[in-house]
1. So how many residues does the stretch 76-110 have that are touching a residue at least 24 places away in the same chain (Cβ under 8 Å) and under 21 Å from the mean Cα position of the chain (by Cα)?
2. For Ser161, all conditions in the list (1) farther than 16 Å from Leu232 by Cα; (2) at pLDDT 95 or above hold save one; what is the number of the exception?
3. Residue by residue through the stretch 213-233, note down the ones that are crowded, with 20+ Cβ neighbours inside 10 Å and either in a helix (DSSP H, G or I) or aromatic (Phe, Trp, Tyr) (or both).
4. Mind checking which residues of the stretch 128-139 are of a type outside the set (S, T, N, Q) and open to solvent by less than 40 Å² (accessible area, probe 1.4 Å)?
5. What residue, of Glu94, Glu156, is of a type in the set (Asp, Glu) and open to solvent by less than 50 Å² (accessible area, probe 1.4 Å)?
6. Given the structure, is Glu260 open to solvent by 60 Å² or more (accessible area, probe 1.4 Å), of a type outside the set (S, T, N, Q) and either at positive phi or touching a residue at least 24 places away in the same chain (Cβ under 8 Å) (or both)?
7. Which condition number does Ala199 fail, the rest of (1) among the aliphatic types (A, V, I, L, M); (2) at pLDDT below 95; (3) over 25 Å from Ala34 (Cβ atoms); (4) not in a loop (DSSP other than H, G, I, E, B) being met?
Amino acid sequence: MPEATVTEESTEAGTAQTQTATDATTGRPRRRPALSPSRAGDFKQCPLLYRFRAIDRLPERPTRAQVRGTVVHAVLERLYDLPAAQRSLEAACELVATAWEQLCAQEPELVGQLFDGPDDPELTPWLESAAPLLEAYFQLEDPRRLEPEARELLVETELESGLLLRGYIDRLDVAHTGQIRVVDYKTGAAPRPVAEARALFQMKFYALALLHLRGVVPTQLRLMYLADTESLTYEPEEAELRRFERTLDAIWQAIRTAGESGDFRPNPSKLCEWCSHKALCPAWDGTPPQYPGWLADPADVNAEESALERAG
């Protein structure tokens, strides 16, 4: 495995392996291009969607459900800043307004995108709609009995092929025995059995990154679906994760091939109904913008996943 520099990029205990290069013009460190769970999932779902998001970087208008998910994620992250005895549902609900205010400070355009200004009468009921999701969380587990090792943990590691993986783990639990559990919150409903493989793709991505970073296979991957108070747990095996590593290498090679040729083909499916770029898709009689070409600086590829995408 290539030698790596390990730096801490979380307010919690835990490390994230970072790899940088120096920009020839500015002399400042520049992050290498990487593959995230969201971008890998985009390409698997539809290569053209990957192009629109990663290369064209077309804007997408967020939905209220997406932003509410981001707020709930922020609340569950900050809930563990409180002493264990104070981690109640009431305390979590009180954190909603603060999480919303901080999100608006980071992205001031959100209020205008979602509502008719801060005085919109729909704003307060929308904020209150986070409460049932938080209540579902408390039904799934008792946060007073947990002390996570990390929250919103950036994990970044290089595979043997040179591919850099980068992603954010909602929560990392480490038992006194050393066993690791990866937890991801989803504010949507649990997937049907046929869609479970897609849901676990993200979790296997994190498990593989941790295997490279820590040399151990996580004991459990847990997805918590707050819309219907369900959870999905999975116990990965090392051989399975090694096969998954080859899958990610193949996805990245396909991305590079498409990037150099410009051949990002659409893959029509039921998911097209929720795509922000349907009007530009040739599968729906649309015309994509002129292909800008595979970027001269690969670091300009938008490999990152936003907080909205991670909220799910």
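1. Of the residues in that region, 10 qualify.
2. (2)
3. Answer for the stretch 213-233, where residues must be crowded, with 20+ Cβ neighbours inside 10 Å and either in a helix (DSSP H, G or I) or aromatic (Phe, Trp, Tyr) (or both): just Tyr225.
4. Quick first cut of the stretch 128-139, residues of a type outside the set (S, T, N, Q) only: 128, 130-138.
The answer is Ala130, Ala131, Leu133, Leu134, Ala136, Tyr137.
5. Numbers: Glu94 fails: open to solvent by less than 50 Å² (accessible area, probe 1.4 Å).
After ruling out the rest, the residue left standing is Glu156.
6. Yes.
7. So the condition that Ala199 fails would be (3).
Yes/no matrix, rows are residues, columns are (1) under 22 Å from Lys44 (Cα atoms); (2) in contact with a Lys or Arg (Cβ under 6 Å, 6 or more places away or on another chain); (3) open to solvent by less than 30 Å² (accessible area, probe 1.4 Å):
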position: Ser161; (1), (2), (3): yes, no, no
position: Asp173; (1), (2), (3): no, yes, yes
position: Val183; (1), (2), (3): no, yes, yes
position: Glu196; (1), (2), (3): yes, no, no
position: Gln202; (1), (2), (3): yes, no, yes
position: Leu210; (1), (2), (3): no, no, yes
position: Glu235; (1), (2), (3): no, no, no
position: Leu248; (1), (2), (3): yes, no, yes
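The values are calculated or read from the model by the stated rules, or taken from the named source; none is laboratory data. Not measured: the values here are computed from a predicted model. Methodologically, a virtual Cβ is constructed for each residue, glycine included, from the backbone with ideal geometry; neighbour enumeration extends over all protein chains shown. Protein only, heavy atoms only, side chains kept; ligands, DNA and RNA dropped before computing areas. Shrake-Rupley method; radii C 1.70, N 1.55, O 1.52, S 1.80 Å.
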